[in-house]
Amino acid sequence: AKKQGGNQYSFQSFVGLTNDRERMEMANDLSRALERNELCLYYQPQYCVEEGRIIGAEALIRWQHPERGLVSPVVFIPLAEEMGLITAIGEWVLRTACTQNRKWQMAGLPPIKIAVNLSPRQLQQDSFVHIISTILLETKLDPCYLDLEITENIDMFETDLVLEKLREIKAHGVHLSLDDFGVGYSSLSYLNQFPIDKVKIDRSFIQKIRSGHAQAPIVSAIIAMSKNMQVRVLAEGVESEEQLRFLMEQQCDEVQGFLYSKPLPVDQLEKLLVEKLTG
Ligand code: C2E
Ligand code: CA
Ligand code: CA
Ligand code: CA
């Protein structure tokens with residue numbers, strides 16, 4: 001689980017998992033993972049609460065390590081950030097997700113938004129806006145079907161530069177979501193400042209929704225506030241019917257979580273889209 005603000009998964013937390021030699025090996029393996037085709041994307045469906053239909057999917061990266069098996073992004077994304085590999089990996093994720101979404105649309109499947117997680121380092125790249133527009137041109141994906149998920153652990157000194165880039169990206173028609181909302185100390189100021197289309201309420205708040213639990217008013221407040229600001233709101237990590245009922249009552253716009261589906265490999269997500277087409 002994520003901790004408050006900051007760079008939650010530092011190299012130190014990685015050290016805790018393995019010894020020095022293992023860590024060096026892992027870093028070395030990661031530097032070759034892209035060219036060796038060991039990275040892949042899973043897709044977790046996002047549903048419109050009112051219609052109960054799939055309207056999007058979040059791309060979540062997986063690393064199929066030849067000896068260790070599937071490595072969690074919670075482990076290797078911070079390592080990639082530390083090693084300066086995250087921009088290359090992040091660009092691969094963007095290109096792969098956009099290519100896949102365009103493929104589904106060309107196959108006549110119902111169009112959905114593809115959500116891609118951005119590391120703060122990617123937003124700091126000078127060429128980031130150019131990378132996005134190049135990928136959109138290359139893949140011919142309509143920008144309105146790309147949704148970029150940003151977190152708020154952006155260096156305060158970089159805020160103006162990042163803001164400028166986000167405005168440019170939005171001007172292209174790409175959607176922006178604020179991920180893990182509520183866990184950072186500066187959520188509210190970012191919401192006010194950034195040109196955000198959607199807020200994703202952090203899983204930690206959703207998991208505390210039980211009858212009469214004290215977290216429920218926080219969730220309803222975030223939903224009400226988002227509506228007042230005319231921003232869409234998605235609840236992540238929805239696992240129970242009880243949570244869903246509460247979110248429906250509060251008129252949350254979108255949900256995502258194990259209650260509906262775990263992240264799925266391409267062919268299984270495709271099946272859901274076929275079902276939507278025929279059902
Ligand atoms: P995130 O962006 O908050 O993604 C949601 C995480 O919650 C995913 O874990 C997802 O599998 C998990 N999840 C979804 N529904 C539920 C639920 O109902 N219950 C529980 N307990 N968990 C649920 P995952 O795939 O392990 O990813 C972890 C984190 O790794 C992501 O958190 C994101 O910060 C990062 N990540 C994943 N893919 C990428 C990527 O392509 N680029 C970057 N920069 N980060 C990524
Ligand atoms: Ca996310
Ligand atoms: Ca999240
Ligand atoms: Ca989260």
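Annotations for the structure displayed:
- Meets criteria (open to solvent by 20 Å² or more (accessible area, probe 1.4 Å), among the acidic types (Asp, Glu) and either within 19 Å of residue 77 (Cβ to Cβ) or without any contact (Cβ under 8 Å) to a residue 24 or more places away in the chain (or both)) for residue 142: no
- Qualifying residue in the range 119-128 (condition: in a loop (DSSP other than H, G, I, E, B), closer than 27 Å to residue 33 by Cα and touching a residue at least 24 places away in the same chain (Cβ under 8 Å)): yes
- Across the range 239-279, the number of residues qualifying as outside any helix (DSSP H, G or I) and closer than 18 Å to residue 49 by Cα comes to 16.
- Residue count for the range 98-127 under the criterion of being within 16 Å of ligand 1 (Cβ to nearest atom) and under 23 Å from residue 166 (Cα atoms): the result is 16.
- From 201, 222, 209, residue being over 22 Å from residue 53 (Cα atoms) and either touching a Lys or Arg at 6+ places or on another chain (Cβ under 7 Å) or within 13 Å of ligand 1 (Cβ to nearest atom) (or both): 209
- Filter result for the condition that a residue is within 16 Å of ligand 4 (Cβ to nearest atom) and acidic (Asp, Glu), over 254, 241: 254
- A search for C-beta distances below 7 Å between a residue of the range 70-81 that is at positive phi and any residue that is part of a helix (DSSP H, G or I) and not hydroxyl-bearing (Ser, Thr, Tyr), counting only pairs 6+ apart in sequence or on different chains, returns nothing.
- Residue check, residue 253 at pLDDT 95 or above and closer than 19 Å to residue 177 by Cα: yes
- Members of the range 215-231 found to be among the polar types (S, T, N, Q), in a helix (DSSP H, G or I) and open to solvent by less than 50 Å² (accessible area, probe 1.4 Å), listed by number: 220, 226
- Failed criterion for residue 28 (all others in (1) among the polar types (S, T, N, Q); (2) farther than 19 Å from residue 79 by Cβ; (3) more than 14 Å from ligand 1 (Cβ to nearest atom) hold): (2)
- Any hit, the range 181-189, residues being modelled with pLDDT of 95 or more and away from ligand 4 (no atom under 16 Å from the Cβ): no
- Of the set (1) within 16 Å of ligand 4 (Cβ to nearest atom); (2) surrounded by fewer than 18 Cβ atoms within 10 Å (Cβ to Cβ); (3) without any contact (Cβ under 8 Å) to a residue 60 or more places away in the chain, all apply to residue 262 but (3).
- Given (1) open to solvent by less than 20 Å² (accessible area, probe 1.4 Å); (2) at pLDDT 95 or above; (3) part of a helix (DSSP H, G or I), number of the condition residue 170 does not satisfy: (1)
- Filtered residues of the range 32-47 (kept if polar (S, T, N, Q) and either open to solvent by 50 Å² or more (accessible area, probe 1.4 Å) or touching a Cys at 6+ places or on another chain (Cβ under 9 Å) (or both)): 37
- Odd one out for residue 75 among (1) within 16 Å of ligand 4 (Cβ to nearest atom); (2) crowded, with 20+ Cβ neighbours inside 10 Å: (2)
- Contact map, the range 42-55: residues that are on the phi < 0 side of the Ramachandran plot paired with residues that are modelled with pLDDT under 95, Cβ distance under 6 Å, separation 6+ or inter-chain. Pairs shown: 54/276.
The values are calculated or read from the model by the stated rules, or taken from the named source; none is laboratory data. Keep in mind that this is a model prediction, so the values were computed, not measured. Glycine also receives a Cβ, built like all others from the backbone with ideal geometry; neighbour counts cover every protein chain displayed. When the accessible area is computed, the model is the full protein with side chains, heavy atoms only, and any ligands, DNA or RNA have been set aside. Shrake-Rupley method; radii C 1.70, N 1.55, O 1.52, S 1.80 Å.
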